[in-house]
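Down below is the structure, laid out as structure tokens.
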Amino acid sequence: MPAPPLPDEARADLLDHDVRRSLRGLPSSLADTIARHLVATALLLDDDPARALAHARAAADRVPRLPAVREAVGIAAYHAGEYATALVELRAARRMDGSAHNLPLMADSERGLGRPERTVAYLRDPQIDQLDPAARAEMLIVVSGARRDLGQPEAAVVLLRDLATAKTPPAPWTARLWYAYAEALLAAGRPEEAARWFTSTAAIDEGETDADARAYLIMTGRPLPEEDEEAAQDGADLLLSDRADPDADAGTEANVDQDITGHDLTDHGTGTGTEAAPEAEATETGR
């Protein structure tokens with residue numbers, strides 16, 4: 001298959017420094033081509049993952065033994081919904097460089113292939129403790145979703161509880177974490193708590209999720225009117241004025257095996273307590 005044309009904006013100098021260094025053993029013209037295909041992959045990943053994957057594959061066709069190239073194919077395949085390919089490529093990259101940072105994508109690819117039980121098993125990977133905080137949070141989000149797929153919504157709640165309710169400033173991944181926590185609460189039959197957490201998510205997500213609409217739907221039973229820009233905030237004000245005490249009892253925990261945050265690995269958990277969403281004022285700091 002011919003390589004896709006390289007866009008002008010895909011300049012080799014935009015490539016990550018460490019990845020560029022891995023290309024030093026290649027002829028300069030080949031290194032430049034590979035670099036530009038990898039940059040094109042990154043530029044297209046969100047808006048056109050199929051084209052991004054085509055660029056990554058073009059690089060892999062030329063240098064299949066570079067872990068950064070195989071990783072690029074895996075990431076692009078994941079974004080394109082080609083989960084089997086993503087697993088193959090990400091596993092290959094891991095064998096080459098020993099890195100664990102793509103474990104969340106691998107776990108979610110298993111979920112995308114309809115194998116949530118394999119997703120849950122990733123929490124027992126021996127390299128799980130090597131993940132940075134963002135990757136750890138992403139892994140918990142993915143596995144919580146897998147627990148819901150398995151019909152274990154309370155286990156999904158328990159898995160995210162400690163990290164979601166930690167009294168720390170929001171991180172770049174906090175909105176995704178709170179959104180996932182709200183979804184778990186909703187699946188567990190706790191809509192009022194879910195609405196509070198969706199509202200808290202909307203306060204920090206900069207419009208990147210539909211958390212405001214989810215909260216409005218729970219509270220009113222109606223979709224958020226597109227023409228009413230104040231409707232979501234009205235709902236948020238209603239919720240924020242009726243928050244539970246953040247120091248309230250978090251509920252009874254089941255006896256569980258421990259994962260990377262001290263949560264359930266194998267049992268379903270109970271998690272029947274009320275979860276208080278963080279105050280809106282606190283979400284505006286530490287972004």
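A few remarks follow.
- Any chance THR119 is under 20 Å from MET1 (Cβ atoms) and surrounded by 18 or more Cβ atoms within 10 Å (Cβ to Cβ): no
- Verdict on PRO225 being surrounded by fewer than 23 Cβ atoms within 10 Å (Cβ to Cβ) and touching a residue at least 60 places away in the same chain (Cβ under 8 Å): no
- Within the span defined as the range 35-56, one or more residues are more than 26 Å from the chain's Cα centre (by Cα) and either of a type in the set (Gly, Ala, Ser) or under 20 Å from ALA84 (Cβ atoms) (or both).
- Check on ALA35, outside any helix (DSSP H, G or I) and either touching a helix residue (DSSP H, G or I) at 6+ places or on another chain (Cβ under 9 Å) or of a type in the set (S, T, N, Q) (or both): no
- Evaluated against (1) charged (D, E, K, R); (2) surrounded by fewer than 23 Cβ atoms within 10 Å (Cβ to Cβ); (3) over 22 Å from ALA215 (Cβ atoms), ARG147 falls short on exactly one condition, (2).
- Within the range 69-86, restricting attention to residues that are hydrophobic (A, V, I, L, M, F, W, C) and more than 22 Å from PRO5 (Cβ to Cβ), the residue that is surrounded by the most Cβ atoms within 10 Å (Cβ to Cβ) is ALA86.
- Among the candidates ALA100, ALA93, the residue that is in a helix (DSSP H, G or I) and touching a residue at least 12 places away in the same chain (Cβ under 8 Å) is uniquely ALA93.
- Qualifying residue in the range 55-63 (condition: surrounded by 20 or more Cβ atoms within 10 Å (Cβ to Cβ), in contact with a Ser or Thr (Cβ under 6 Å, 6 or more places away or on another chain) and either assigned to a helix (DSSP H, G or I) or in contact (Cβ under 8 Å) with a residue 12 or more places away in the chain (or both)): yes
- Residue within the range 132-146 that is closer than 26 Å to ALA84 by Cβ, outside any helix (DSSP H, G or I) and aliphatic (A, V, I, L, M) present: no
- Candidates TYR216, TYR181 - the one that is under 14 Å from the mean Cα position of the chain (by Cα) and over 22 Å from MET106 (Cβ atoms): TYR181
Each reported figure results from applying straightforward, stated rules to the coordinates on display, with no laboratory input. Predicted model, so just to flag it, every value in this text is computed and none were measured. Counting neighbours? That spans all protein chains shown, and the Cβs are built from the backbone with ideal geometry, glycine included.
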